[in-house]
Amino acid sequence: MDSSRQFLRQSLGLIRRRKELAWFCMWCAGIGCLFLWDEIFLNAPAFDRVRAALFNTLVSGAGAVFLSLVLGWASGAAFFLLEQRRARYSFALLSLVANAIRSLPQVVLVLVGYVLLNQLILAEIIRSETAQLAWVTVTVSVAVFLEVSDTIRSRLEYFRSLEFIDAMLCCGISESRIIHREILWRNSREHLLHKLIALFGVAIFLQCSVDFIVSVGLSTNVSLSNVPLTLGSLLASVDSKQDILALSNLFSDPAYITEIVVRHLQGVSAAFCIVFTLVCFFMIANGYARSRRLNGP
Amino acid sequence: MKPFEISIAQDGRPLIAVAGYPVAEGVLTILFGESGIGKSLSALAVAGLVEPAELTISVDRESYAHYLARGDVREYRASGFFVFQEPSSHLNPLMTLRRQLNEGSLARATNEPDVIRRLWQGNEQEAASILDVYPKPYRPSGGEKQRVLAAMAFKKMSLLRPGSSGFFVFDEPTASLDNRLRDEFIDLLVDYLPQAPAAVLLITHDYSIVARLTRRHARLSGKVAFKEMYLVRGKQEVRDFEPREYLGWVSSLKPLGPGTAPAEFVLRVASGMRVLSRSYRFVRKEGDANAATLTVYKGRMTYLKGGSGLGKTTVLKTIMGLFEPEKMVVEIGGRRFTRENRRKDWSRSVWGRKMTMVFQHADEALNQRALVRDVFGGLPGFESSERNMLDALAKLFDAEAEGSFLNRPVYTLSGGQKQRLNLVRSMILQTEILLLDEPLSGLDLKASAKVIHLLEQQLARGSAILVVSHNEDIFDALTRPEDVYLLEGHKEGP
């Protein structure tokens, strides 16, 4: 009894000290409560759609974050090494590609990815929902990976001025080991994790925004009804739009709130999942930066 | 004032637990000991300068608040002075040094001309140009800032009235001073000491101070106490340090390596090297008009001397290929390197294979986030098995280097342990040439003796060593006169 009380006290103390943990717990609790409510008041097919949409969105977001890490790590290290070795042409080529990506708004890049997805679906090259979701994931990661790359470059740039790098080089330790293991893994993983948490929110936001934009349909043959369900596409469906429009009744009849939370649950649930997830992950990223004191280099 | 009992803990973890921290009125106490074991923190606690927010502090078994409220503590705090190890942390960037030198009660002191003249070795014009600047991290130099702080302390010392008490702390006051300035500082301290009924504590790693005090100021023997701080099973202990022990040890040192004429050189650096707009030349003795070629022979140790801030470290790093010189001709193991060569040339054939370098500041030379075992990872030709790592550590560590030591994060080690780890990492590579930048920095006498023994083994194996150090007493004795060079440097252009 005492030990469980002590465990509880320690856990609460940890949550109080670490805001990111508190917000993660809040996100889990919020989504859990929503699902419990939906289980009781939302019809089964609609609830299945909400669950599938949330799952697909989270998986796609997590995949985009993972791919961004891989692309960002590779490109950040490549930038650094090419600069160190004075490979001017390769550096210029890599910069050109990176700047070309950077010059386009992220939403436009994801939109282009959807247009290509449309072509691939029409050509029957991509058929399965998993492959379509993977394509969307890759598209989002291409739009955001430069943020990871920039973080990695700034970390490498900062550490280049420190003496321990030169000391290790003089001992014959390979430059790649120093970059990947000593600088990025040992000294930068907290900075990178912070960036990835923030990017997770960005990835979900981008995906939902573009899903909403393309809700009018990508072509006569391809619309949101034949690409994987996500929170954005669920919110963009006619049923959900009607649910959201029903919110306007609250202006004339505040008592209508009781109807909203039982009769218009699909749209409200989708909107809640999007907004609540974005807010929570924003707060998790901020809390993590604060608790790990990541303000400086 | 009498020796203090100090205990400092952070989050329940003891940082300092020392009985008999050596402070005594009317006595100049010289405190030695490995860096990072708590000498400075204890002095800060006695002087009432520790921020107690995150620490649990007790002095003489009183809470810190009670201790600071004591009448005698208030008096010796008000009349005393603390010369910080890092002088920039003391100086106000918004006031010129001259204003700070005359701030508050310091304006009443009349000994400023004498102190300034002696600390600037008669060059009052240079001192005047320094005193009229605002301190910035890079200007004036560390040595100049240290001299300004010392001048403040000596002015404050001259204000003490008979019967009053004051606590003066000099924390590594000679770290950035060359030997001549260090000796002048000691002489000045001794001259002002009889006038001040104060407790003076000088914290240092520089054992050369012992020689100056005992040889030049033997008459002070009753007023000088030599102490050494040790870490024994996690607790600090202060013991008497016997000057004869150091002097006897130094006089027993003999030149390392074979006495016969050297057969083959492995490193040659031509005078006239130019880097970061400074030109360097090597001479055999001060004022020598003829420049020499710095030549390092197989199986012998070469000693490069030079004043503080002259650029000895820059020269070593340029030889290592870490700086891009404007002019340089270096021959390493039969291969010629000039300004045309790129880092990759050193990377491919020199670093860790032909030549390696031990950096001056172990704190900066090691990845603080790594574990001790990680320091051995990736070293060419070294199989980083637990047995090999422990064997390597055993050369410079005592029983402390056991299995669990390998899993300690580097940032938890004391400064002396870091320096020894820094040395071990380079020495196990068994390269043809070893460049050492202040290898005894932060080490106590016992550890210094071990390092020297290890250097002897390296030379016996045929390695060549080029060393840069302020410990002239020690390295002059360890090097043959024909292997000693003096570095001269001057700024070129605007």
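With surrounded by 18 or more Cβ atoms within 10 Å (Cβ to Cβ) and under 16 Å from the mean Cα position of the chain (by Cα) as the only criterion, which of B:LEU429, B:LEU423 stands out?
B:LEU423
Going by what's in this entry, would B:GLU456 be described as part of a strand (DSSP E or B) and out of contact with any Asp or Glu (no Cβ under 7 Å at 6 or more places or on another chain)?
The answer is no for B:GLU456.
Could you go through region A:212-231 and let me know if any residue there is part of a helix (DSSP H, G or I), at pLDDT below 90 and small (Gly, Ala, Ser).
yes
What number of residues within region B:93-146 are among the β-branched types (Val, Ile, Thr) and buried (at least 18 other Cβ atoms within 10 Å of the Cβ)?
Summing the residues that are among the β-branched types (Val, Ile, Thr) and buried (at least 18 other Cβ atoms within 10 Å of the Cβ) in region B:93-146 gives 3.
When you scan region A:24-135 for helices (runs of 4 or more DSSP H) that lie fully inside it, which ones turn up with 2 or more residues that are under 30 Å from A:SER161 (Cβ atoms)?
A:44-84, A:88-103
With respect to B:SER279, determine if the residue is under 29 Å from B:MET357 (Cα atoms) and assigned to a strand (DSSP E or B).
For B:SER279, the condition - under 29 Å from B:MET357 (Cα atoms) and assigned to a strand (DSSP E or B) - is met.
Of all residues in region A:91-117, how many are exposed (fewer than 14 other Cβ atoms within 10 Å of the Cβ) and polar (S, T, N, Q)?
Residues in region A:91-117 being exposed (fewer than 14 other Cβ atoms within 10 Å of the Cβ) and polar (S, T, N, Q): 2 in total.
So which residues in region B:309-345 are at the interface with another protein chain (Cβ under 8 Å from one of its Cβ atoms), charged (D, E, K, R) and touching a strand residue (DSSP E or B) at 6+ places or on another chain (Cβ under 8 Å), if there are any at all?
Within region B:309-345, just B:LYS317 meets the criteria.
Is it the case that region B:297-313 has a residue that's at pLDDT below 95, assigned to a loop (DSSP other than H, G, I, E, B) and over 25 Å from the mean Cα position of the chain (by Cα)?
Looking for residues that are at pLDDT below 95, assigned to a loop (DSSP other than H, G, I, E, B) and over 25 Å from the mean Cα position of the chain (by Cα), one finds at least one in region B:297-313, hence yes.
Hey, among the residues in region B:228-254 that are touching a residue at least 40 places away in the same chain (Cβ under 8 Å) and more than 22 Å from B:GLU472 (Cα to Cα), which one's surrounded by the most Cβ atoms within 10 Å (Cβ to Cβ)?
Step by step, filter region B:228-254, then rank; the result is B:GLN236.
Which of the residues spanning region B:468-494 are surrounded by fewer than 16 Cβ atoms within 10 Å (Cβ to Cβ) and either touching a helix residue (DSSP H, G or I) at 6+ places or on another chain (Cβ under 7 Å) or of a type in the set (Gly, Ala, Ser) (or both)?
Correct list: B:GLY493 only.
For A:LEU69, all conditions in the list (1) crowded, with 17+ Cβ neighbours inside 10 Å; (2) modelled with pLDDT of 95 or more; (3) over 18 Å from the mean Cα position of the chain (by Cα); (4) among the aliphatic types (A, V, I, L, M) hold save one; what is the number of the exception?
Condition (3) is where A:LEU69 drops out.
For region B:346-451, give me every one of the helices (runs of 4 or more DSSP H) that falls completely inside it and has 1 or more residues that are within 14 Å of chain A (Cβ to nearest Cβ) and closer than 23 Å to B:LEU316 by Cβ.
B:362-365, B:415-427
Being in a loop (DSSP other than H, G, I, E, B), in contact (Cβ under 8 Å) with a residue 40 or more places away in the chain and either under 20 Å from the mean Cα position of the chain (by Cα) or surrounded by 21 or more Cβ atoms within 10 Å (Cβ to Cβ) (or both) is the filter here; which residues of region B:180-199 pass it?
Listed by number, the list holds a single entry, B:ALA198.
Among the numbered criteria (1) buried (at least 18 other Cβ atoms within 10 Å of the Cβ); (2) farther than 20 Å from A:GLN84 by Cβ; (3) of a type in the set (S, T, N, Q); (4) at pLDDT 90 or above, which single criterion is violated by B:THR318?
(2)
Let me confirm something: among A:GLU157, A:GLU163, which residue is in contact with a helix residue (DSSP H, G or I) (Cβ under 8 Å, 6 or more places away or on another chain), within 14 Å of chain B (Cβ to nearest Cβ) and modelled with pLDDT under 95?
The conditions single out A:GLU163.
In this structure, is B:GLY257 on the phi > 0 side of the Ramachandran plot and surrounded by 21 or more Cβ atoms within 10 Å (Cβ to Cβ)?
So B:GLY257 passes the test.
Counting only residues that are within 25 Å of the chain's Cα centre (by Cα) and charged (D, E, K, R), which one in region A:118-134 is surrounded by the fewest Cβ atoms within 10 Å (Cβ to Cβ)?
Here the answer is A:ARG127.
Just name the residue that is nearest to the chain's Cα centre (by Cα) out of those in region A:169-211 that are hydroxyl-bearing (Ser, Thr, Tyr) and within 14 Å of chain B (Cβ to nearest Cβ).
A:SER188
Filter region B:452-467 down to the residues that are of a type in the set (Val, Ile, Thr) and crowded, with 21+ Cβ neighbours inside 10 Å, then identify the one that is nearest to B:HIS205 (Cα to Cα).
B:VAL467
Hey, does region B:171-179 have a residue that's within 25 Å of the chain's Cα centre (by Cα), in contact (Cβ under 8 Å) with a residue 60 or more places away in the chain and more than 16 Å from B:VAL83 (Cα to Cα)?
Checked region B:171-179: at least one residue is within 25 Å of the chain's Cα centre (by Cα), in contact (Cβ under 8 Å) with a residue 60 or more places away in the chain and more than 16 Å from B:VAL83 (Cα to Cα).
The values are calculated or read from the model by the stated rules, or taken from the named source; none is laboratory data. Since this is a predicted model, take the numbers as computed values, not measurements. Don't worry about glycine lacking a Cβ; one is built from the backbone with ideal geometry, like all the others, and counts go over all protein chains shown.
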